[in-house]
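Participant: This is the structure I have questions about; it appears just below.
Bear in mind that the values in this text are calculations on the coordinates, not laboratory data. Only a predicted model underlies this, so the values are computations on that prediction, with no experimental measurement involved. Reconstructed Cβ throughout: ideal geometry from the backbone, glycine too, with neighbour counts over all protein chains shown.
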Amino acid sequence: MHLSPGKSGLPCLQLGTADGARAEIHAHGAHVTSWIPAGGGERLYLSGRARFEPGVAIRGGVPVIFPQFAGEGPLPKHGFARTLPWTLRSVTPAAADRAAAVFRLEDSAQTRAIWPQGFAAELRVAVDSAALEVELKVENTGAAAFSFTAALHTYLRVDAIEAVRLCGLRGLRYRDSARGGSQAVEAQDALRIEGEVDRIYFDTPSTLELTEDSGRLRIESSGFRDTVVWNPGAARAAALTDLDEDGWRRFLCVESAAIGAPPRLEPGRRWSGMQKLVRL
């Protein structure tokens, strides 16, 4: 069980199975920065301009959003979990078809200065031939109850955003952050991405499916009640200095999230949420 130097020398773990499935996790943010199913190509988008620096969020992969999603509270945007170093706790020896690792983050003087709660968070990452599974667990280790919002901010690599369809959201209520937070109901059987899209869909089903010309991806979740769908579009992307030129055309964020009904943990209680990506 060991970490090796990754991008910019940040500690990194390489997970692999005997049949060739691979995942890369940087301890900085417990951030999954690559997922390659067996016999396939990269399925996560990582910006070539992403900054791998202490205290800075990495653009792409699977950022861990905790204990606050976006501006849903008084903390810095998306909380602090994605910009702090996590500790590697365990690595499951690769069997013929599966490998897994667990990273842990606990409260510290730095976190308590802005969020005075005792907590322990664990992120379990597992790969097999065709799937990536990421599970976030949170425990209240303090003396007072707390609530939080969270998400797995997954950047899915796509060939061309205009050809992508996301199925399974029809009839669901959503909040449209790109349009001032207005509420609406999804009318499309297969969501098409046209311009900036920044939506929180509430009480989403456990399975969604992303389709494009090159194939399909099933997105499963449990524990997370909501789903965020985000792409900045051309105009917004131009202001993101850590995003590749025209990079917005190469990804769609589909994020399993807990936002609409923030989990509340009494002392000693635990919560977990999982997202699983399956190549079809």
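Participant: With a Förster radius of 25 Å, plug the Cβ-Cβ distance of A235 and L280 into 1/(1 + (r/R0)^6) and report the FRET value to the nearest 0.05.
Facilitator: 0.15
Participant: Right, another one. What does the extension gain come out to for E53 and V185, with contour length at 0.36 nm per residue minus their alpha carbon separation?
Facilitator: 43.6 nm
Participant: Report the normalised scattering of the stretch 4-279 as log10 I(q)/I(0) at q = 0.15, 0.16 Å⁻¹, calculated by the Debye formula with identical scatterers on the alpha carbons.
Facilitator: Cα-only, vacuum Debye calculation for the stretch 4-279: -1.16, -1.33.
Participant: Can you pull the one-decimal nm distance between simple spin-label points at D203 and T141, each 7 Å off the Cα toward Cβ?
Facilitator: Here the answer is 3.6 nm between the modelled labels.
Participant: Pulled fully out, how much extra length does the chain show between R104 and K77, if you take 0.36 nm times their separation in residues and subtract their Cα-Cα distance?
Facilitator: 7.6 nm
Participant: Mind jotting down a quarter of the surface of the convex hull over the alpha carbons of the stretch 123-272, in square nanometres, one decimal?
Facilitator: For the stretch 123-272, averaging the hull's shadow over all directions gives 10.3 nm².
Participant: Show me 149-156, 258-265 ranked by packing, highest mean number of other Cβ atoms within 10 Å first.
Facilitator: Those peptides, ordered most packed to least, come out 149-156, 258-265.
Participant: Could you name the aspartates and glutamates in cross-link range of K7, using Cα to Cα under 13 Å and dropping any fewer than eight places away on the same chain?
Facilitator: Cross-link targets: E24, E53.
Participant: Between beta-carbons, use under 9 Å as the cut-off and find the net charge around T141, counting Lys and Arg +1, Asp and Glu -1.
Facilitator: Local net charge: -3.
Participant: Determine, from the Cβ-Cβ distance of R170 and S90 and an R0 of 51 Å, the FRET efficiency 1/(1 + (r/R0)^6), rounded to the nearest 0.05.
Facilitator: 0.80
Participant: Order these peptides, 56-67, 33-44, 109-120, by their mean beta-carbon neighbour count within 10 angstrom, highest first.
Facilitator: Ranked from most to least packed, the peptides come out as 56-67, 33-44, 109-120.
Participant: From the mean inverse distance of alpha carbon pairs (Kirkwood) and the Cα radius of gyration, derive Rg over Rh for the stretch 1-76.
Facilitator: When Rh is taken as the Kirkwood radius, the ratio is 1.02.
Participant: If you don't mind, another one. Tell me, in nm to one decimal, what length is gained between S222 and E194 on full extension, where the rule is 0.36 nm per residue of separation less the Cα-Cα distance?
Facilitator: In short, 7.3 nm is gained.
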